[in-house]
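The values are calculated or read from the model by the stated rules, or taken from the named source; none is laboratory data. Because the structure is predicted, anything quoted here is derived from the model rather than measured. Counting neighbours? That spans all protein chains shown, and the Cβs are built from the backbone with ideal geometry, glycine included. For the accessible areas, the whole protein counts, side chains as well, though only heavy atoms, and no ligand, DNA or RNA atoms are used. Shrake-Rupley method; radii C 1.70, N 1.55, O 1.52, S 1.80 Å.
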Amino acid sequence: MRAEVDRDLCEANGVCAGLAPAVFELDDEDELVVKQSEVLPEEVERVTQAVAACPRNALFIRDR
Ligand code: SF4
């Protein structure tokens with residue numbers, strides 16, 4: 001499973017980073033960083049919650 005962000009949609013509000021901090025992080029310039037593009041099995045549930053919670057629908061998960 002891979003996590004990707006559409007930077008045109010992301011408004012860097014940090015919702016995903018709050019829900020899955022091992023995977024998503026805001027950098028010093030308030031740009032969202034996907035720290036693990038290949039999501040570890042133990043992070044799948046948190047990433048799925050973050051995708052659902054993103055108010056801009058800017059996050060996507062792919063099987064590969
Ligand atoms: S929750 Fe969505 S809009 Fe907010 S930082 Fe994450 S990807 Fe960007």
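Among all residue pairs at least 6 apart or on different chains, which show Cβ distances below 8 Å where the first residue, located in segment 42-64, is on the phi > 0 side of the Ramachandran plot and touching a residue at least 24 places away in the same chain (Cβ under 8 Å) and the second is open to solvent by less than 80 Å² (accessible area, probe 1.4 Å) and not small (Gly, Ala, Ser)?
57/9
Can you tell me which residue is modelled with the lowest pLDDT among those in segment 47-64 that are closer than 15 Å to residue 2 by Cβ and charged (D, E, K, R)?
Restricting to residues being closer than 15 Å to residue 2 by Cβ and charged (D, E, K, R), the top hit is 64.
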